[in-house]
Amino acid sequence: MEPQTAMDIPAAGPAADPQGISQDNSQAIPLACAALEKEFREGPAVVQVLHGVDLQVARGERIAIIGASGAGKTTLLQLLGGLDTPTRGAVYVLGRNVAALGQAERGRIRNESLGFVYQFHHLLPEFTALENVAMPLLLRRLPLEQVSAEATRLLERVGLAARLHHKPGELSGGERQRVAVARALVTAPAVVLADEPTGNLDHRTGDRVFELMLELNAETGTSLVIVTHDLVRARGMDRVLHMEDGRLREVTGEALA
Ligand SMILES: Nc1ncnc2c1ncn2[C@@H]1O[C@H](COP(=O)(O)OP(=O)(O)OP(=O)(O)O)[C@@H](O)[C@H]1O
Ligand SMILES: [Mg+2]
């Protein structure tokens, strides 16, 4: 592995914690961002969606992000996950500034450290449920038998044992969402970023999917960052953050009642 450089250390600010940034990944903060800003250009107009977001996700921490439609929740998750680049500010995965990494290294850190559940599932239509869930493990070049066993186990846990060989087009919306959750969890990543993972599910299935994520969090120490409109579920997390005016603010006590 390359040596850490000064570029890997966050600048001073609320998200800076040099003590937490270490070459030993087991000690590093799984995910952080500092002074994150995002602007979208629409013709001559510039729309600023994020106005300086600071966030540190501790190991094993469960964070809910709430906020109105259009507030910038998906935008933030995409930046944290390296699917889009910030206009200003930085994202740190396991203490490393992702902007300072080459493309291959960025891909590797994303595959090894992060799991995604998108607001609109992004399954590969030509592959079966089993193959979709197996994909992140195949990218790691693990033995096929182990890959298949792990992917099957996760699909069983989301209640899809009887749908292993169905393609996304042959699954209901809720089933597709459960496949997407299984795919995000199958590598037991340091952090799972989930964008309204239960938005399309009936309440009971949604509860099951949510529970599954919490179980994995408890078993493997995977941190969770979950966008949700469900205050009951949000309240069960370690921290609730409200996205408003392009910033994140912690919600506590009465405001959550
Ligand atoms: N690629 C883009 N180009 C221009 N504007 C964008 C782009 N992506 C998002 N936006 C704008 O940024 C704002 C935030 O969008 P975002 O998807 O992050 O909201 P959200 O909080 O996830 O909302 P929802 O709860 O409806 O999913 C919106 O006003 C949206 O129109
Ligand atoms: Mg969204």
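The values are calculated or read from the model by the stated rules, or taken from the named source; none is laboratory data. These numbers were taken from a predicted model, which means no experiment stands behind them. Cβ placement follows ideal geometry from the backbone for every residue including glycine, while neighbour counts extend to all protein chains displayed.
Couple of notes before you dig in:
- Listed by position, the helices (runs of 4 or more DSSP H) inside region 116-216 whose residues that are aliphatic (A, V, I, L, M) and within 15 Å of the chain's Cα centre (by Cα) number at least 1 are 173-185.
- Only one of the numbered conditions (1) under 17 Å from Leu79 (Cβ atoms); (2) in contact (Cβ under 8 Å) with a residue 60 or more places away in the chain is violated by Glu112, and that is (1).
- Scanning region 191-239 for residues that are among the polar types (S, T, N, Q), more than 14 Å from ligand 2 (Cβ to nearest atom) and closer than 15 Å to Arg178 by Cα yields one hit, Thr205.
- Yes/no for Leu79 being over 24 Å from Ala151 (Cβ atoms), crowded, with 23+ Cβ neighbours inside 10 Å and among the hydrophobic types (A, V, I, L, M, F, W, C): yes
- Which listed residue, of Ala90, Ala64, Ala68, is among the small types (Gly, Ala, Ser), within 16 Å of ligand 2 (Cβ to nearest atom) and assigned to a strand (DSSP E or B): Ala64
- Every condition in (1) free of Cβ contacts under 8 Å to residues at least 60 places away in the same chain; (2) more than 24 Å from Gly82 (Cβ to Cβ); (3) not in a loop (DSSP other than H, G, I, E, B) holds for Arg233 except the one numbered (1).
- Residue check: Ser113 meets all listed conditions (1) farther than 23 Å from Arg249 by Cα; (2) within 16 Å of ligand 2 (Cβ to nearest atom); (3) polar (S, T, N, Q) but one, namely (2).
- Enumeration of residues in region 64-115 that are at pLDDT 95 or above, of a type in the set (Gly, Ala, Ser) and within 12 Å of the chain's Cα centre (by Cα): Ala64
- Condition met for Arg235 (modelled with pLDDT under 95, farther than 28 Å from Glu39 by Cα and in contact with a helix residue (DSSP H, G or I) (Cβ under 7 Å, 6 or more places away or on another chain)): yes
- Selection within region 73-112 - in contact with a helix residue (DSSP H, G or I) (Cβ under 6 Å, 6 or more places away or on another chain), within 16 Å of ligand 1 (Cβ to nearest atom) and more than 11 Å from Leu31 (Cβ to Cβ): Asp84, Pro86
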